[in-house]
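The values are calculated or read from the model by the stated rules, or taken from the named source; none is laboratory data. This one's a predicted model, so the numbers in the text were calculated from it and none came from an experiment. In this analysis, Cβ positions are derived from the backbone assuming ideal geometry, glycine residues included, and neighbour counts consider all displayed protein chains. Calculation scope for accessible area: heavy atoms of the full protein, side chains included, ligands and nucleic acids excluded. Shrake-Rupley method; radii C 1.70, N 1.55, O 1.52, S 1.80 Å.
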Amino acid sequence: MEKQLDLEPIVFPGVEMSRPIIIAGPCSAETEEQVITTASQLAQNGIKIFRAGIWKPRTRPGAFEGVGSEGLPWLQRVKKETGMLISVEVATAHHVHEAIKYGVDMVWIGARTTANPFAVQEIADALRGINIPVLIKNPVNPDLELWVGAFERLNRAGIKKLGAIHRGFSTYDKSRFRNHPMWQLPIELHRRIPNLPIITDPSHITGNCDMVQEVSQQAMDLNFDGLIIESHINPEKAWSDASQQVTPESLNAIMQTLIIRDSKQTTEDLTLLRKQIDECDNNLLEILSKRMRICEEIGMYKKEHNMPILQTKRYDEILKTRIAQSKTLGLSDNFLKTLFVAVHEESVHRQMECINK
Ligand code: PEP
Ligand code: MN
């Protein structure tokens with residue numbers, strides 16, 4: 001069992017933090033007017049926490065890299081005129097000092113920064129003794145340990161109001177997502193650190209304003225705590241992430257469609273179904289164990305007859321026939337492929353152990 005983090009709930013005086021917590025605002029602060037107009041429209045729609053990127057980590061040099069500290073007084077104006085809380089991304093100790101100087105209420109660490117332990121440590125050290133909430137985005141690569149490590153660094157520096165932002169993971173393959181959600185990672189994070197709030201970032205997951213609603217609903221179905229959504233008064237003209245930003249008005253429409261499941265509902269009715277699931281899982285485990293025992297016998301046979309373990313033709317045939325069966329069983333190709341690749345990997349491993357005994 002790993003050492004649990006010492007966490008405190010993220011609360012702000014006078015702000016109700018019930019599910020879903022919504023953080024909204026432009027990808028980047030561009031001009032004072034853009035910031036103030038966007039913020040006042042969001043505030044009118046009941047949004048309580050404003051986001052805006054001041055320093056932008058861009059993949060390629062030469063793109064708009066944020067207005068820098070010049071934009072911080074604009075955020076102060078947002079706070080003063082709308083009463084919203086303000087949040088920015090920080091990537092260096094300098095960013096932390098500047099954000100604190102201008103009364104920023106909450107900061108987040110971006111995905112590219114989380115991937116770098118030196119940068120995370122520098123931010124943790126700069127935040128020592130400052131009691132503001134810090135949200136940590138998942139690293140760009142699907143590495144849960146790196147994400148957990150970032151929480152540990154902040155927590156060891158005494159920061160207790162921590163939360164996670166799930167913004168998806170970059171993949172080399174073409175996909176309909178900008179960053180693949182890989183929901184199993186935030187689910188596993190929640191299993192390991194149950195009292196850590198998880199905020200989903202459908203904007204950076206999808207990269208597409210038309211898909212923001214769908215992913216927001218999925219996050220709510222999984223009982224995550226909130227959403228951070230990029231919103232701009234004129235998305236088409238945005239200086240960064242134009243294709244994924246929604247107007248404050250569309251954001252409002254999206255919020256109206258969301259079905260928020262009741263996480264406090266008792267699970268008694270589920271008991272019966274869960275019993276059946278337990279039984280299925282027990283059967284599955286027994287079958288898997290039997291399959292592996294047979295693999296070991298095959299391993300012994302191959303050893304006696306001096307045959308190689310990997311028989312590509314047979315592996316190919318297994319994958320093909322099992323995937324063909326998936327259609328009639330109502331299982332997806334993808335799922336069966338993942339399952340049988342894992343089963344085969346374990347079989348090969350078992351046979352290797354037998355052959356080398
Ligand atoms: C952002 O929130 O604007 C941002 C840069 O996101 P990420 O760190 O997820 O790429
Ligand atoms: Mn962005």
Phi-derived 3J(HN,Hα) across the range 246-257 with the Karplus relation (6.51, -1.76, 1.60, θ = phi - 60°), rounded Hz, x for Gly and Pro, is 10, 6, x, 5, 5, 4, 4, 4, 4, 4, 5, 7
So for the range 145-275, using the alpha carbon gyration tensor with a ≥ b ≥ c as root eigenvalues (a/c under 1.5 gives rounded; past that, a/b versus b/c decides prolate or oblate), I'd call it oblate
A correct Karplus calculation of ³J(HN,Hα) over the range 203-212, with 6.51 cos²θ - 1.76 cosθ + 1.60, θ = phi - 60°, whole Hz and x for Gly and Pro, returns 5, 7, 5, 8, x, 8, 4, 6, 9, 4
The relative contact order of the chain, taking Cα pairs under 8 Å that sit 6 or more residues apart, comes to a percentage of 14
Note: Glu65 to Asp210 extended length (0.36 nm per residue) minus current alpha-carbon separation gives 49.6 nm
Listed by chain and number, the residues whose amide H is under 5 Å from that of Trp108, excluding neighbours fewer than 5 places away on the same chain and using placed H, are Val88, Glu89, Val90, Leu135
Filtered hits (lysines, Cα-Cα < 24 Å from Lys327, offset >= 8 within chain) -> Lys313, Lys337
Ranked output for segments 240-250, 56-66 by mean other Cβ atoms within 10 Å, highest leading, reads 240-250, 56-66
The farthest towards the positive end of the charge dipole of the range 260-357, of the residues Leu285, Thr271, Ser332, given +1 on Cβ of Lys and Arg and -1 on Cβ of Asp and Glu, is Ser332
Going residue by residue through the range 342-357, the Karplus relation 6.51 cos²θ - 1.76 cosθ + 1.60 with θ = phi - 60° gives ³J(HN,Hα) values, rounded to whole Hz and with x marking Gly or Pro, of 5, 4, 5, 4, 5, 4, 4, 4, 4, 5, 4, 4, 5, 4, 8, 5
Of all DSSP beta bridges with both partners in the chain, the antiparallel percent, nearest 5, is 5
For the range 135-209, the dipole about the Cα centre with charges only on Cβ (Lys and Arg +1, Asp and Glu -1), to the nearest 20 debye, works out at 200
Between the residues Ala164, Thr206, Phe177, the Cα farthest towards the positive end of the dipole of the range 89-235, that dipole coming from +1 and -1 charges on the beta-carbon of Lys, Arg, Asp and Glu, is from Ala164
Under the helix-only model (-39500 (n - 2.57) for each DSSP H run of 4 or more, divided by the residues of the chain), the mean residue ellipticity at 222 nm, to 500 deg cm²/dmol, is -15000 deg cm²/dmol
Highest mean packing first, using Cβ neighbours within 10 angstrom, the peptides 146-156, 97-107 sort as 146-156, 97-107
Residues meeting the amide H criterion for Ile229 (H placed from the backbone, H to H distance under 5 Å, 5 or more places apart or on another chain) are Ile23, Ala24, Gly25
Residue separation between Arg176 and Ile259 times 0.36 nm, minus their alpha-carbon distance, gives in nm 27.5 nm
Quick calc, the range 255-305, dipole around Cα centre from Cβ unit charges on Lys, Arg (+) and Asp, Glu (-), nearest 20 debye, gives 200
Of the listed pairs Lys174/Lys302; Lys290/Lys357; Lys3/Lys357; Lys3/Lys290; Lys101/Lys160; Lys137/Lys237, those with alpha carbons more than 28 Å apart are Lys174/Lys302; Lys3/Lys357; Lys3/Lys290
Per the charge dipole of the chain (beta-carbon charges, Lys/Arg positive, Asp/Glu negative, Cα centre), the residue among Gly226, Gln256, Gly25 reaching farthest to the positive end is Gly226
Note on the range 208-256: contact order normalised by length, alpha-carbon pairs under 8 Å, 6 or more apart, percent, works out to 37
Descending packing, highest mean Cβ count within 10 Å first, for 220-226, 276-282 is 220-226, 276-282
Note on the range 59-110: contact order normalised by length, alpha-carbon pairs under 8 Å, 6 or more apart, percent, works out to 35
For the chain, dividing by residue count, accessible area per residue (probe 1.4 Å) in Å² works out to 55
For the pair Thr321 and Thr266, the simple spin-label estimate (label points 7 Å beyond Cα toward Cβ) gives in nm 4.9
